[in-house]
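S.K.: What follows is a structure written as structure tokens; I'll ask about it next.
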Amino acid sequence: MTARGLSLAGAILLAAIAGAPAPASSHSFPETENPAAGQTLASSPSEVSIRFDAPIEKLFAVLRVLDAAGRNVAAGQPAVGPGGYTLSVKVPPLKPGEYTVKWGVVCIDTHHTQGSYTFTVATHGNS
Amino acid sequence: MTAISHMGEPAGLMVFRIVCEWLTLAALLLVFGLGAFAATVARTGIEPRVLPQRFSTAIRWAALAQLAILPLVLIAAVACMARVGPYAAITLIPKVLHETHFGHIWIASAPLAALLALTAWSPSRLNRVRAGGLALIGAVLLVLWAASGHAVDYGRAAIAVYFIHEAAAGLWIGSLAGLWLVAGLGDRVVESIAPRTSRVAGWCVATLILSGTYAGYDALGLSLDRLLYSSYGRALIWKMGLFAVVVAIGGYNRCRLIPGLNIASGRQTLLRNVALESVLLVAVLGLAALLGNTPPPR
């Protein structure tokens, strides 16, 4: 291992890091939510979806939309979009009130993440 | 209000998984490294067929071990993904094999692992072609291994870097173990092989530092806080510390012992140090398995 070889290898590494995109997170974490966390909507959404920063496994994906009483109001099973980045579920017209979205996924690297957030459907004239 | 967490698997399951992955990786790297070592040794004038029987025996048992543990790796991964016990995980295996990325990787790995074991247990004596074949199959398995871990979250470049990292570790372990295993052939063999092993080790260390730095940047970015105050960062510090100890021993061997290999006590000390380095490197692999199952901080 010569000093010249080490210098060259070090320069390649520095160039690779300098040219690399900012590091993404390992495991799957939400990039965006729709409705967004904490958002107040004027009307009911037709679906709830979350886009993750790494692909997820459909087999272990869980997405529930809970009303104030803790009942799951999601219509059917959650779907995973092409590429595995998006998890979504249809919801029926939601009554005004606060809803909690609970999700749990397994990234394609086999590791779990989970989380929750809330959004609100406003009463008429209160958005 | 948003709450997000990594959902840690039950501790017992995680330990089971880490141990399975540790043993599989160690066995696979040993086969790959010894195969590459045998093919390289052949280039320097010592034909693989004159290698001692214990060299072939080590390759055979390591190849058998990686094949035998592979089903346990699958069960452990399924149990962790589904958050169920190992027995319940067995019933989920068909779905996981067909519907998940890990399952597809495992399906590709299993026949190759069997081929590796069959090649290792071939009744013919180890020759250059078979040693090279073992290294090649081992390399493909290492690519698949890299594609099933954290690297898959970062893209193809990361998978390539993780593979290079693993391959360098395998070559280093294989060279050290190979030197120790051929020591019985005589002092002149040790005198001729040890300097070459040291050069290979030097390149492996440089490659490990460079690829490890890249992988560390992928996981932690340039944040010192993430390194010091996260579980992943602390495990990485332990791994780097142990790695530094092995490098220090290797440096001592290279600078102090290899120049005096014509002295019997020097050769004995070198071989003892090489055995110690090999054991410590296997411990480093355990920390690598731990890192592979620890979420990098966000």
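S.K.: Give the residue, chosen from A:83, A:104, that is assigned to a strand (DSSP E or B) and closer than 30 Å to residue B:74 by Cβ.
M.R.: A:104
S.K.: Of all residues in the range B:61-87 being part of a helix (DSSP H, G or I) and open to solvent by 50 Å² or more (accessible area, probe 1.4 Å), which is farthest from the other protein chains (Cβ to nearest Cβ)?
M.R.: The residue in question is B:61.
S.K.: So, one more: Give me the residue from the range B:143-158 that is over 14 Å from residue B:104 (Cα atoms) and outside any helix (DSSP H, G or I) and, out of that set, farthest from the other protein chains (Cβ to nearest Cβ).
M.R.: B:155
S.K.: Determine if the range B:241-254 includes at least one residue that is touching a residue at least 60 places away in the same chain (Cβ under 8 Å) and surrounded by fewer than 20 Cβ atoms within 10 Å (Cβ to Cβ).
M.R.: no
Residue-by-condition table, conditions (1) under 30 Å from residue B:149 (Cα atoms); (2) surrounded by 18 or more Cβ atoms within 10 Å (Cβ to Cβ); (3) of a type in the set (A, V, I, L, M, F, W, C):
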| residue | (1), (2), (3) |
| --- | --- |
| A:29 | yes, yes, yes |
| A:33 | yes, yes, no |
| A:40 | no, no, no |
| A:50 | yes, yes, yes |
| A:75 | no, no, yes |
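S.K.: Just checking, does the range B:225-236 include any residue being under 30 Å from residue B:57 (Cβ atoms) and more than 14 Å from chain A (Cβ to nearest Cβ)?
M.R.: Looking for residues that are under 30 Å from residue B:57 (Cβ atoms) and more than 14 Å from chain A (Cβ to nearest Cβ), one finds none in the range B:225-236, hence no.
S.K.: Restricting the search to the range B:215-235, which residues are in contact with a Leu (Cβ under 7 Å, 6 or more places away or on another chain), open to solvent by 30 Å² or more (accessible area, probe 1.4 Å) and of a type outside the set (Lys, Arg)?
M.R.: B:227
S.K.: Could you list all residues from the range A:65-76 that are in contact with a strand residue (DSSP E or B) (Cβ under 9 Å, 6 or more places away or on another chain) and either away from chain B (no Cβ under 14 Å) or small (Gly, Ala, Ser) (or both)?
M.R.: Of everything in the range A:65-76, those that are in contact with a strand residue (DSSP E or B) (Cβ under 9 Å, 6 or more places away or on another chain) and either away from chain B (no Cβ under 14 Å) or small (Gly, Ala, Ser) (or both) turn out to be A:65, A:67, A:68, A:70, A:72, A:73, A:74, A:75, A:76.
S.K.: Output the number of the condition that residue A:60 fails; it satisfies all remaining conditions of (1) more than 10 Å from every other protein chain (Cβ to nearest Cβ); (2) open to solvent by 20 Å² or more (accessible area, probe 1.4 Å); (3) of a type in the set (Phe, Trp, Tyr).
M.R.: Against the list (1) more than 10 Å from every other protein chain (Cβ to nearest Cβ); (2) open to solvent by 20 Å² or more (accessible area, probe 1.4 Å); (3) of a type in the set (Phe, Trp, Tyr), residue A:60 comes up short only on (1).
S.K.: Is it true that residue A:120 is more than 7 Å from chain B (Cβ to nearest Cβ), touching a residue at least 12 places away in the same chain (Cβ under 8 Å) and part of a strand (DSSP E or B)?
M.R.: yes
S.K.: Among the residues of the range B:88-127, write down those that are within 15 Å of residue B:141 (Cβ to Cβ), more than 14 Å from every other protein chain (Cβ to nearest Cβ) and open to solvent by 70 Å² or more (accessible area, probe 1.4 Å).
M.R.: Those that are within 15 Å of residue B:141 (Cβ to Cβ), more than 14 Å from every other protein chain (Cβ to nearest Cβ) and open to solvent by 70 Å² or more (accessible area, probe 1.4 Å): B:107, B:111, B:115, B:118.
S.K.: Within the bounds of the range B:162-169, is there any residue that is over 19 Å from residue B:36 (Cα atoms), open to solvent by less than 40 Å² (accessible area, probe 1.4 Å) and modelled with pLDDT of 90 or more?
M.R.: no
The values are calculated or read from the model by the stated rules, or taken from the named source; none is laboratory data. Everything numeric in this text was worked out from a predicted model, so none of it was measured. Every residue, glycine as well, gets a Cβ built from its backbone with ideal geometry; the counts of neighbours run over all protein chains shown. Surface areas here come from the heavy atoms of the whole protein model, side chains and all, with no ligands, DNA or RNA. Shrake-Rupley method; radii C 1.70, N 1.55, O 1.52, S 1.80 Å.
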